[in-house]
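The values are calculated or read from the model by the stated rules, or taken from the named source; none is laboratory data. Treat the numbers as computed from the prediction; the structure is a model and nothing was measured. Here the Cβ positions follow ideal geometry from the backbone for every residue, glycine too, while neighbour counts run over all protein chains shown. We work out accessible area using only protein heavy atoms, side chains counted, and drop any ligands, DNA or RNA first. Shrake-Rupley method; radii C 1.70, N 1.55, O 1.52, S 1.80 Å.
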Amino acid sequence: MSGFHKDVILKDDAPSQLLLAKHRDFILGYAKNQSSYEYVMSEWLRASGVYWCLTALKLLNNSDLKEDDLFEFIMSCYNDEKGGFGASENHDPHLLYTLSAVQILAMIDRLDSVDRDKVVKFVVHLQQTDGSFWGDEWGEVDTRFTFCAFATLVILDRLHDCDVKTGVQFVLQCKNFDGAFGCVPGSESHAGQVFCCVGALSIANKLHLLDIDQLAWWLCERQLPSGGLNGRPEKLPDVCYSWWVLSALKIIGRTHWLDKPSLIKFILASQDEETGGFADRPGDMVDPFHTLFGLAGLSLLGDQHLAKVNPVLCLPQSLVDDLGLKLETLSPNS
Amino acid sequence: MANDDNVDHLRTVERLSNILKITPNLKSISIIQHDEPLILEEQHLALSKKTFKELGLFSRQTFLKFIKKESSPSRDSTLDELSTVLIVLNPDDNKYWNYRKRLCQKCSKNQTDKLFLELKLSSCSLKLKPKCSEPFIHARWLLTNYREIVSEQTIFSQLKMCEDSAEHYKHNYYSWIHRLWVIKTFFSTKLLEKELEWSKGWMESHISQFCGMNYRFNLLLISSAHQNPDSDVQKCKTFVNEVSYVVDLVLFYPETESLWCYLGLLLSYCSTNQIECRDNTLFRVRSIDNRFAKRFKERKF
């Protein structure tokens, strides 16, 4: 096909049905081999890994993970002196893992077990005068951290403890002339960063500051003939962009601009029929990260077998409703 | 783990740590199927696949054991070696980078050699895993907090590090963030001119990588901001010339999505800044009839 050199071709015998039980078994079996090289050496993102597994199970309407074990693990990540959470026991606290921790605590209904003031203080102290957020004490800035900060605070019902206005101003400085967003001012537009910026603006109730159609155009350019979505021009499609791109489009009310049936076909083709789980693309190795975002993408696309997912926080919508959170999304007519 | 294995692993840690610290201009680090744990030949380092995994697990376990001990010269020296090796074997784990940052904080003012070593180690780390943000984060932290190590030579080596990692891993998002940070943080007109020339060469030899084009666009914005503020004509000319140049490339490589994206970016900028070039551009590309051209012509700039 002319003009497309970077895409995949879906085989005729690729999976085409959602393998619910297989995915449940994959997630539940994932943490059992804790001595494997891959498991041990991925401790630097363990809190997020647990969040991916737990959320995936919730979308599968499964509650088999023991909540006490989850609570014990996440509290081992807590740094009482600084008030934030690290990725695992031996790690410095960071905004990325503080958000994952708060999301986990919300899902196991243990938000009240944590010192809310301390966590809020950890987050708020990372905000800089230009509105950006450091990820941790070492000073790295990224729009992902703005999203993590806003999302953490909104779950804890303390959004306005930070300076939302300057936070939004920083996000807007990361908007590029193609209408999409990068991680810092001037950096290349990237679908993952777009999700973070759109999510942050949604939490702040500032979606009207976006050029919706220009952004939606850029997001829809991510769809390739295989139906899959990539994160930037000339990159291969990846199931995780079924979340980053799709949820951003959902928030701005433009999912109807995508070819949904072909996207569903791509996501389903990325399942592993033997082991369960989703990979980044058909035929590759599965992992919990792509499993969550494959399921979340299918949920957003209306799969009735899955629990409804909130497009801003990537948590079950029922939980977001129970927490009383009203997160801005635009209708298709906006 | 058997004691003999531990002794062997500790020796390998020491050897690897020395190689990383002492070898000038290490060109590559790779993992190969081999019986020898480490092979260093003409500045190319190879680790055996077996060693890579076993050493990673051993080093991590030993690091966690030693970090709990009281500070002593022997304990600190072992942790120094282990963290040196671990930022190469598992560079995504910021635990080891943060440990090394704390080591730097204990350096006195005249110990700049230790700080230069940190820059070298972050560069080494990228040889094995070029798509990793932590080495760049470490370099930015060093250059922000220790201006005494900033020089023309340091800047050049940072740009080289970015170029090498961008070559090694296509569409390397982290490389380009760092490159732009270096230019913005250590701006000079001489540096900007060199980069504008370099970015043109890079673009022409990597036309399927939009990152290089986004970077060049930012250089033009910086250049424009430093021009005579009264000279709108000059600024206009810069971007009109760039549009014309990119159209030339598009006419030569019409099936290249990145070029169309860059052209779209430039036209959006020009439209926002009342620089007229849309009509001429559409006229020049009128005969191209592929998916990219169709989408481009549908857009409202």
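What distance in nm lies between label points placed 7 Å from Cα along the C-beta direction at residue B:6 and residue B:50?
2.1
Going down the list A:235/B:127; B:21/B:114; B:49/B:127, which pairs span over 18 Å between their C-alpha atoms?
A:235/B:127
For chain A, just the Cα set please: Rg and Dmax, both in angstrom.
Considering chain A through its Cα atoms, Rg and Dmax are 19.0, 58 Å.
Divide the volume of the convex hull of the Cα atoms of region B:88-152 by its number of residues and quote the answer in cubic angstrom per residue.
Taking the convex hull of the Cα positions in region B:88-152, it is 80 Å³ per residue.
Can you divide the C-alpha Rg of region A:1-110 by 2.2 N^0.38 Å and report the result to two decimal places?
That ratio works out to 1.34.
Taking 2.2 N^0.38 Å as the expected size of a compact globular protein, what ratio does the Cα radius of gyration of region B:193-301 give against it, to two decimals?
Taking the Cα Rg and dividing by 2.2 N^0.38 Å, one obtains 1.04.
Note down the net charge around residue B:138, summing +1 for each Lys or Arg and -1 for each Asp or Glu among other residues with Cβ under 9 Å from its Cβ.
Counting the neighbours of residue B:138, the net charge comes to +1.
Angle check, please: helix B:134-145 long axis (alpha carbons) against the longest principal axis of chain B (alpha carbons), in degrees 0 to 90, nearest 10.
On a 0 to 90 degree scale, this one is about 90.
Counting only the backbone N, which residues of region B:103-127 are under 16 Å from the spot 7 Å out from the Cα of residue B:148 toward its beta-carbon?
Counting backbone N atoms under 16 Å from the label point, the list is B:103-119.
What distance in nm separates the two pseudo spin-label positions at residue A:75 and residue B:228, each 7 Å out from Cα along the beta-carbon direction?
7.0
Output needed for region B:1-59: three equivalent-ellipsoid semi-axes, defined as square roots of 5 times the C-alpha gyration tensor eigenvalues, in descending order, whole Å.
21, 13, 8
Let me understand region A:176-298 better: what is its radius of gyration from the alpha carbons, and its Dmax, in angstrom?
Considering region A:176-298 through its Cα atoms, Rg and Dmax are 14.2, 46 Å.
Find how many whole Å separate the alpha carbon centroid of region B:220-257 from the alpha carbon centroid of region A:67-100.
48
Taking R0 as 41 Å, what's the FRET efficiency between residue B:72 and residue B:187 from their Cβ-Cβ distance, rounded to 0.05?
Taking R0 as 41 Å, the efficiency between residue B:72 and residue B:187 is 0.35.
Kirkwood Rh over alpha-carbon pairs of region B:174-249, then Stokes-Einstein at 20 °C and 1.002 mPa s: what D in µm² s⁻¹, rounded to an integer?
Approximately 165 µm²/s, per Stokes-Einstein.
What percent of all Cα-Cα pairs in region A:49-164 falls into each 10 Å bin, going from 0 up to the bin containing the maximum distance?
Per 10 Å bin, starting at 0, the Cα pair percentages come out as 14, 48, 30, 7, 0.
Which value, in Å² rounded to 10, gives the accessible area of residue A:64 with a 1.4 Å probe and all protein chains present?
90
If r is the Cβ-Cβ distance from residue B:111 to residue B:274 and R0 is 56 Å, what FRET efficiency results, to the nearest 0.05?
0.55
Rg and Dmax of chain B, Cα atoms, in Å?
Both quantities, over Cα of chain B: 23.9, 75 Å.
Divide, for the protein assembly as shown, the radius of gyration over alpha carbons by 2.2 N^0.38 Å, where N is the residue count.
Dividing the Cα Rg of the protein assembly as shown by 2.2 N^0.38 Å gives 0.97.
Distance between the C-alpha centers of region A:1-62 and region A:136-208? Whole Å please.
Cα centroid of region A:1-62 versus Cα centroid of region A:136-208: 27 Å apart.
Angle, helix B:73-89 long axis vs. longest principal axis of chain B, Cα atoms, 0 to 90°, nearest 10?
40
When each pair of different Cα atoms in region A:142-232 is counted once in the 1/r mean, what is the Kirkwood radius in angstroms, to one decimal?
Averaging 1/r across every pair of different Cα atoms and inverting gives 13.4 Å.
Quick one: with all protein chains in place, what share of the accessible area of region A:70-156 is carbon or sulfur, to the nearest percent (1.4 Å probe)?
The computed percentage sits at 43.
What percent does the relative contact order of region A:273-334 come to when contacts are Cα pairs within less than 8 Å and at least six residues apart?
16
Among A:216, A:99, A:306, which residue has its Cα positioned farthest towards the positive end of the charge dipole of the protein assembly as shown, with +1 placed on the Cβ of Lys and Arg, -1 on the Cβ of Asp and Glu, and the dipole taken about the Cα centre?
The residue sitting most towards the positive pole is A:216.
Using a probe radius of 1.4 Å on heavy atoms only, what accessible surface per residue do you get for the protein assembly as shown? Whole Å² is fine.
43
Taking both sides together, what accessible area is buried at the B/A interface, probe 1.4 Å, expressed in Å² and rounded to the nearest 100?
4000
Compute the long axis of helix B:189-205 from its Cα atoms, compare it with the longest principal axis of the Cα atoms of chain B, and write down the angle in degrees, 0 to 90, nearest 10.
Helix B:189-205 sits roughly 80 degrees off the main axis of chain B.
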